[in-house]
Amino acid sequence: MTPRQQQVLDVITAFRAKNGYSPTQVKLAEILGVSSPAILLHIRELVKIGALKSVGKKAIRINKEHPYTQRQYEVMSMFMGNPNACQKQIADLMGISAPSLCQHIKVLLGMRAIKVLPTESLRTTIQVTDPEVLARAAMSPPVSFQR
């Protein structure tokens, strides 16, 4: 690994530790003071050598690291355990604001960890699609609540 690739990896690690998700290529380029195409080349090389892993179209993660924050696992667990609950109910149960839950949903959609399924009613259903999360949930049941 070149010193510059190590620097890119260090910035991704620090950003993820602070924010709970990886930076976009544009943000990474901004932090390092280089162009987006230059960052893309570094990311491709880091994926090639196994230091990073692509997840979905835009998301990246550090190899050998859990791809989700603890809160993101909690969000997915709540949706698995409460498939008919609305987002407001999930947010209330988790003790977070609805906009905060929406931000987690957006990140998880971008990572292709969940998908939104249309239903016949006005509600939508959030379905967890990540096999790792589904396997983890099989070992410990998702959190549910009684209405």
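When peptides 22-29, 83-90 are sorted by average Cβ neighbour count within 10 Å, with the highest value leading, the order is 22-29, 83-90. For the stretch 91-97, the Karplus equation 6.51 cos²θ - 1.76 cosθ + 1.60, evaluated at θ = phi - 60°, returns couplings of 4, 4, 4, 7, x, 10, 6 Hz by residue, with Gly and Pro reported as x. Packing here is the average count of other Cβ atoms within 10 Å per residue, and on that basis the peptides 93-103, 7-17, 107-117, highest first, run 107-117, 7-17, 93-103. Once both labels are positioned 7 Å from their Cα atoms along Cα-to-Cβ, the gap between ALA17 and LYS115 label points is 3.6 nm. Could you tell me whether the stretch 70-139 comes out rounded, prolate or oblate from its Cα gyration tensor? Rule is a ≥ b ≥ c as square roots of the eigenvalues, rounded for a/c under 1.5, then prolate if a/b exceeds b/c, otherwise oblate. Judged from the Cα gyration tensor, the stretch 70-139 comes out rounded (a/c under 1.5). Database remark: amide H of THR125 closer than 5 angstrom to the amide H of LEU117, THR119 (H placed geometrically; neighbours at sequence offset of 5 or more, or on other chains; Pro and chain starts carry no H).
Annotation: extensible slack from CYS102 through VAL34 equals 21.4 nm (criterion: 0.36 nm per residue apart, minus Cα-Cα distance).
Bear in mind these aren't lab numbers, they're just calculated from the coordinates by the rules spelled out. Because the structure is a prediction, the values reported are computed rather than measured. Every residue, glycine as well, gets a Cβ built from its backbone with ideal geometry; the counts of neighbours run over all protein chains shown.
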